[in-house]
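Read the structure below first, then the notes.
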Amino acid sequence: MRIDIITVLPGLLEGPFSHSILKRAEEKGLATVKVHDLRPYGIGKQHTLDDYAFGGGAGMVMMIEPIASCLEALKKERAYDEVIYMTPDGQTFDQPMANAFSLKENLILLCGHYKGVDERVRQHLITKEVSIGDFVLSGGELAAAVVADAVIRLIPGVLNDETSALTDSFQDGLLAPPVYTRPADYNGWKVPEVLLSGHAANIESWRFDESVRRTKERRPDLIGGPFSSEKGGNTTAQNDS
Ligand code: ADE
């Protein structure tokens, strides 16, 4: 998979992709993230990227030409599955969307700034608008890093323990169960007996029940939703979705 990120602040994205899982994914050749500075595509001597809004009002608007030129240059090199604009008024990013993106080959993430991009960019040049939540960031860069992280870690081989992405919170519509490690007893705070029993079926059943309990307590809105594996009633049922 390849993710191209278009930004006016490339420096903001240097950190996230040179560390940890994302760096390893690059080193293993499983995912490539390329950050593109929009500035060279700017207009005139100053490489201008933004201008005042027609009709007045505070704040600058990112112009269509630099964005169109940058997209054209990228699209000459390869076909893209999606051109995604990061914006607070886009579709809210969630695990099913991360799963869907992780199956794609080439994605472009366009980061907005100032008052956002000229509406014609949204109408004609992008295929999807994505928000990472109901709050406003000062630009789309951190949102793009969040999306890239959530997507890349799902690519088979990126995580050392391949099953661990499948048991994440949200992956089956439920929050993940509690986890424990040594010592089994810390100051009298004990690890649940069942986890020490070695009885795989009982452990699996306990984890499922805990997932359901935790989800009902913290995120009741997830129960019975389209991605929920909890069919209601019998909380000891196997997770069969
Ligand atoms: N740009 C600014 N705020 C954002 C958000 N919440 N999600 C995606 N992109 C953004």
* For the range 1-47, what is the largest minus smallest coordinate of the Cα atoms on each principal axis, given in angstrom and ordered from greatest to least? -> 40, 19, 10
* Structure fact -> With label points set 7 Å from each Cα along the Cα-to-Cβ direction at residue 202 and residue 115, the distance between them in nm comes to 6.6 nm
* To do: Kindly report the accessible area of the chain per residue (heavy atoms of protein chains, probe 1.4 Å, no ligands, DNA or RNA), in Å².
  => 57 Å²
* Per 10 Å bin, what is the whole-percent P(r) computed from every C-alpha pair distance within the range 54-160? -> 14, 44, 32, 8, 1, 0
* Sort out for me the Cα centre separation of the range 22-54 from the range 63-116, rounded to whole Å. => 11 Å
* Asked: How would you order 85-91, 24-30 from highest to lowest mean count of nearby Cβ atoms within 10 Å?
  -> 85-91, 24-30
* Structure fact -> Sparse-neighbourhood loop hits (chymotrypsin sites (Phe, Trp or Tyr not before Pro), the range 96-151; DSSP loop; Cβ within 10 Å at most 11 others) -> 135
* Asked: How large is Rg/Rh for the chain, to two decimals, with Cα atoms and a Kirkwood Rh?
  -> 1.08
* To do: Counting helices only, and only those DSSP H runs with n ≥ 4, report the 222 nm mean residue ellipticity of the chain as the sum of -39,500 (n - 2.57) divided by its residues, in deg cm²/dmol to the nearest 500.
  => -8500 deg cm²/dmol
* Restrict the search to the range 83-132; then list the trypsin sites (Lys or Arg not before Pro) that DSSP places in a loop and that have at most 16 other Cβ atoms within 10 Å of their Cβ. => 104, 115
* To do: Provide the packing ranking of 164-171, 62-69, 198-205, i.e. peptides ordered by the mean count of other C-beta atoms within 10 Å per residue, highest first.
  => 62-69, 164-171, 198-205
* **Long-range amide H partners of residue 31 with built H, under 5 Å** => 26
* Multiply the residue gap between residue 79 and residue 167 by 0.36 nm, knock off their C-alpha separation, and tell me the result in nm, one decimal place. => 28.4 nm
* Asked: If the viscosity is 0.692 mPa s and the temperature 37 °C, what Stokes-Einstein diffusion coefficient in µm²/s follows for the range 114-186 when Rh is the Kirkwood radius over Cα pairs?
  -> 205 µm²/s
* To do: Pull up all non-local amide H partners of residue 50: gap of 5 or more, or a different chain, and H-to-H distance under 5 Å with H placed in the peptide plane.
  => 63
* **Relative frequency of Cα-Cα separations exceeding 18 Å in the range 131-232, percent** => 64 percent
* Please work out the FRET efficiency for the pair residue 189 and residue 129, using the Cβ-Cβ distance as r and a Förster radius of 30 Å; give the result to the nearest 0.05. => 0.05
* Structure fact -> Rounded to the nearest 5, the percent of antiparallel DSSP beta bridges in the chain equals 20 percent
* **Radius of gyration, Dmax [the range 151-190; alpha carbons; angstrom]** => 14.2, 40
* Structure fact -> Taking placed amide H atoms and a strict 5 Å upper bound, the residues 5 or more places from residue 109 or on another chain that come that close are 4, 5, 6, 84
* Which shape class, rounded, prolate or oblate, goes with the range 6-117 when its Cα gyration tensor gives a ≥ b ≥ c as root eigenvalues, a/c under 1.5 marks rounded, and past that a/b bigger than b/c marks prolate? -> prolate
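The values are calculated or read from the model by the stated rules, or taken from the named source; none is laboratory data. Bear in mind that the values here come from a model prediction, so they are computed numbers and not experimental data. Neighbour counts are summed over all protein chains in view; Cβ atoms, including those assigned to glycine, are modelled from backbone coordinates with ideal geometry. What goes into the accessible areas is simple: the full protein's heavy atoms, side chains included, and nothing from ligands, DNA or RNA. Shrake-Rupley method; radii C 1.70, N 1.55, O 1.52, S 1.80 Å.
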